[in-house]
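Below is one structure, written out as structure tokens, with a few remarks after it.
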Amino acid sequence: MTLELKICTVKDLQKLREISYETFNETFKDQNSPENMKNYLDKAFTLEQLEKELSNISSQFFFLYLDKELAGYLKVNTNDAQTEEMGTESLEIERIYIKSRFQKDGLGKVLFQKALDIARENNKKKIWLGVWEKNENAIAFYKKMGFRQKGAHSFYMGDEEQTDFIMCKTL
């Protein structure tokens with residue numbers, strides 16, 4: 001079993017769109033209406049939106065390959081790319097997405113460790129993320145990694161307002 005992390009660039013835009021769509025859909029389709037899923041996916045993962053995110057110097061994307069197959073990816077944000085005002089001493093993990101067939105293989109820990117390494121290399125004092133209150137597997141994973149809930153914010157899935165827990169870890 002070989003693992004490889006590669007930085008994602010604009011040249012990888014189509015591949016990023018495909019894995020974003022696939023992993024988000026796999027994770028959340030059973031708990032949301034088809035209309036809301038379609039509305040969200042069609043808005044959040046357009047080539048234009050992803051290119052804008054990739055072009056932001058305060059965001060970084062990394063693909064994770066398992067035996068040369070794209071298994072998941074990580075997106076981290078600093079400074080003004082963060083989705084909440086958390087200050088310059090914070091790093092946000094916006095996405096740790098793993099294809100369902102690769103879940104429970106420890107790949108989330110690999111991506112989490114990469115985020116932690118980036119935070120430390122950049123002298124960040126805190127790492128944080130938002131996670132849907134109904135995503136029990138992810139919440140359990142983040143708690144295991146040392147995160148604690150510090151608040152909540154609204155997240156819109158189509159026309160439905162949902163709640164994301166804000167979870168933080170001090171470095």
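Every number in this text was worked out from the coordinates using simple rules, so none of it is lab data. Bear in mind the structure is a predicted one, so any value in this text is a computation, not a measurement. All Cβ positions, glycine included, derive from the backbone under ideal geometry; neighbour counts span all protein chains shown.
Quick notes
- Over the range 1-65, the ratio between the Cα radius of gyration and 2.2 N^0.38 Å evaluates to 1.23.
- Cα gyration tensor category, rounded, prolate or oblate, for the range 99-171 with a/c compared to 1.5: oblate
- Beyond 20 Å in Cα-Cα separation lie the following of the pairs Lys104/Lys124; Lys52/Lys143; Lys126/Lys150; Lys104/Lys143: Lys104/Lys124; Lys52/Lys143.
- Note that the range 27-100 carries a Kirkwood radius of 14.0 Å, evaluated over its alpha carbons pair by pair.
- q = 0.12, 0.23 Å⁻¹, the range 45-144: log10 I(q)/I(0) [Debye, one scatterer per Cα]: -0.40, -1.36
- Counting Lys and Arg as +1 and Asp and Glu as -1 over every other residue whose Cβ lies under 11 Å from the Cβ of Lys99, the net charge comes to -4.
- Applied to the range 74-85, the Karplus parametrisation 6.51 cos²θ - 1.76 cosθ + 1.60 on θ = phi - 60° returns per-residue 3J(HN,Hα) values of 10, 10, 10, 10, 10, 6, 6, 7, 4, 7, 9, 6 Hz, with x for Gly and Pro.
- Database remark: amide H of Met157 closer than 5 angstrom to the amide H of Gln162 (H placed geometrically; neighbours at sequence offset of 5 or more, or on other chains; Pro and chain starts carry no H).
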